[in-house]
1. Output the residues belonging to segment 69-83 that are open to solvent by less than 60 Å² (accessible area, probe 1.4 Å) and either assigned to a helix (DSSP H, G or I) or aliphatic (A, V, I, L, M) (or both).
2. Need pairs with beta-carbon distance below 8 Å; first residue closer than 20 Å to Leu142 by Cβ and within segment 193-205, second not in a helix (DSSP H, G or I); sequence gap 6+ or separate chains.
3. Looking at segment 155-192 only, could you name the residues that are in contact (Cβ under 8 Å) with a residue 12 or more places away in the chain, aliphatic (A, V, I, L, M) and over 20 Å from Ala28 (Cα atoms)?
4. Residues of segment 24-55 being β-branched (Val, Ile, Thr) and either more than 22 Å from Leu123 (Cβ to Cβ) or open to solvent by 60 Å² or more (accessible area, probe 1.4 Å) (or both), which ones?
5. If you go through segment 85-106 one residue at a time, how many are more than 19 Å from the chain's Cα centre (by Cα) and among the small types (Gly, Ala, Ser)?
6. Is it fair to say Leu86 is under 23 Å from Arg181 (Cβ atoms), open to solvent by 20 Å² or more (accessible area, probe 1.4 Å) and hydrophobic (A, V, I, L, M, F, W, C)?
7. For Leu122, indicate whether it is assigned to a helix (DSSP H, G or I) and at pLDDT 95 or above.
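The values are calculated or read from the model by the stated rules, or taken from the named source; none is laboratory data. Please read all numbers here as calculations on a predicted model, not as lab measurements. Cβ sites come from the backbone with ideal geometry, for glycine too, and all protein chains shown count toward neighbours. Protein only, heavy atoms only, side chains kept; ligands, DNA and RNA dropped before computing areas. Shrake-Rupley method; radii C 1.70, N 1.55, O 1.52, S 1.80 Å.
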Amino acid sequence: MTECYVIGHRGNTMQMTHFVSPTDILLAFALQQMEETRQPIAQFAEALTENYLAMTPEGRRACPLEEIPVDGTVDDFFAIKRKNALVTDRWLKRNVKLPLEILDAWVATLEGKYRDGCLAALLKVHGMLAVPNDISADAASLGATMHSTADMFVHLAAIIADGKVDAHDRERIKQARLAMRQLAGQLAGWELEFAKVDEAQQARG
């Protein structure tokens with residue numbers, strides 16, 4: 001799972017135009033990832049199960065995701081994989097409420113921009129930014145920031161393509177906001193890197 005710094009915005013209050021629960025956010029990014037990458041539910045469920053079992057002590061596991069026994073038969077292997085996929089499918093379809101206990105494993109199962117976007121959306125509710133702690137002043141970080149910037153402008157260009165912003169742009173606006181939050185977190189990471197230079201200079205006197 002990507003570790004992040006958390007930076008709070010000024011003020012402790014937020015104006016919410018509508019209620020968005022953590023469950024809404026987790027499900028939305030999982031569904032987006034599977035749709036855009038064509039990831040099968042079974043594959044997502046397998047990774048989710050691995051993350052959940054690795055991150056949750058055996059005595060604390062309450063989610064119905066089962067580990068495949070080492071000495072199990074081939075039938076056991078496929079039966080448990082099908083069961084885990086069915087459980088995950090029920091969560092995704094909201095037939096069964098997604099338990100809060102699965103949050104960390106769920107986020108860890110998201111990939112790349114979907115994980116970053118999910119973390120940004122979860123923390124935005126509290127007026128905070130998610131800043132990856134692996135940001136450093138190198139070519140890789142610059143490339144990631146440039147990619148996020150390009151994504152943002154692509155979404156903004158699509159929104160104003162018809163010369164106005166209206167209800168027809170709601171889906172594009174959602175994507176633009178996601179790109180903006182990702183970029184904001186990355187830029188905050190650069191600020192942290194710059195601050196380290198200032199602190200080092202001040203320490204030297």
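1. Hits for segment 69-83 are Ala79, Ile80.
2. Cβ pairs passing all conditions: Glu193/Ile135; Glu193/Ser136; Glu193/Ala137.
3. First, the residues of segment 155-192 that are in contact (Cβ under 8 Å) with a residue 12 or more places away in the chain: 155-156, 158-159, 172-173, 175-176, 178-190, 192.
Adding the requirement that they be aliphatic (A, V, I, L, M) leaves 156, 158-159, 173, 176, 178-180, 183-184, 187-188, 192.
Result: Leu156, Ala158, Ile159, Ala184, Leu187, Ala188, Leu192.
4. Residues satisfying the conditions are Thr37, Ile41, Thr49.
5. Within segment 85-106, residues that are more than 19 Å from the chain's Cα centre (by Cα) and among the small types (Gly, Ala, Ser) number 1.
6. On the way: under 23 Å from Arg181 (Cβ atoms): no; open to solvent by 20 Å² or more (accessible area, probe 1.4 Å): yes; hydrophobic (A, V, I, L, M, F, W, C): yes.
No, not satisfied.
7. Criteria not met by Leu122.
Listed here are the residues, each with its yes/no results for (1) under 21 Å from the mean Cα position of the chain (by Cα); (2) at pLDDT below 90.
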position	(1), (2)
Tyr52	yes, no
Glu67	no, yes
Ala79	no, no
Leu110	yes, no
